[in-house]
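Peer 1: There's a structure below that I have some questions on.
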Amino acid sequence: LRSPGAADPAECALRLVLGQDAAAVAGYGEQVPWPYDAPVPARLFPRPRELRYHPVAGPLATALADGAVRLDPGADRDETERALRAVPGVDARMAALIRMRALGDPDVWPADPDAEDAHEPWRPWRSYAAHHVGAV
């Protein structure tokens with residue numbers, strides 16, 4: 001069993017925040033040139049700066065675009081989680097999910113991140129355990 005990561009951490013984080021509303025940003029992204037008649041996505045997923053004024057994704061998009069939240073491979077995971085929790089609309093569970101998927105952190109329990117002690121026996125692989133027991 002693997003804990004999935006993300007090829008594009010910013011897109012992953014924004015999709016997690018948007019949830020089922022991810023289709024609502026379809027008009028924001030860059031148009032994809034496609035010379036064939038086959039059905040393909042017409043647009044790329046928008047970059048954070050393109051979503052600054054979106055009603056749901058705007059606060060996180062702004063924090064990502066301004067560098068207040070870093071999701072690059074060298075980002076400190078604890079610092080990133082603190083920055084994420086300071087973003088309006090990002091609660092503890094969402095910050096934990098972003099940390100697990102966008103940063104590839106193998107030791108996060110997203111079902112109830114404030115009750116970390118209860119899942120201490122699974123350290124340092126709580127992300128894998130959460131997937132195994134269906135807590136994600």
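The values are calculated or read from the model by the stated rules, or taken from the named source; none is laboratory data. All of these numbers come straight from a predicted model, not from anything done at the bench. Cβ: placed from backbone, ideal geometry, glycine included. Neighbour counts: every protein chain shown. With ligands, DNA and RNA removed, areas are computed over all heavy atoms of the protein, side chains included. Shrake-Rupley method; radii C 1.70, N 1.55, O 1.52, S 1.80 Å.
Peer 1: Every residue in region 63-75 that is of a type outside the set (Asp, Glu) and either assigned to a loop (DSSP other than H, G, I, E, B) or open to solvent by 40 Å² or more (accessible area, probe 1.4 Å) (or both), please.
Peer 2: Those that are of a type outside the set (Asp, Glu) and either assigned to a loop (DSSP other than H, G, I, E, B) or open to solvent by 40 Å² or more (accessible area, probe 1.4 Å) (or both): 65, 67, 68, 69, 70, 71, 73, 74, 75.
Peer 1: Look at residue 57 and say whether it is under 18 Å from residue 81 (Cα atoms) and aliphatic (A, V, I, L, M).
Peer 2: When the stated conditions are applied, residue 57 passes them.
Peer 1: How about region 115-127: which of its residues are over 14 Å from residue 99 (Cβ atoms) and part of a helix (DSSP H, G or I)?
Peer 2: Those that are over 14 Å from residue 99 (Cβ atoms) and part of a helix (DSSP H, G or I): 115, 117, 118, 119, 120, 121, 122.
Peer 1: Right, next: Somewhere in region 77-96, is a residue at positive phi and open to solvent by less than 80 Å² (accessible area, probe 1.4 Å)?
Peer 2: Taking every residue of region 77-96 in turn, at least one turns out to be at positive phi and open to solvent by less than 80 Å² (accessible area, probe 1.4 Å).
Peer 1: I would also like to ask the following. Using the structure shown, decide if residue 119 is within 25 Å of residue 23 (Cβ to Cβ), open to solvent by less than 60 Å² (accessible area, probe 1.4 Å), more than 14 Å from the chain's Cα centre (by Cα) and not aliphatic (A, V, I, L, M).
Peer 2: no
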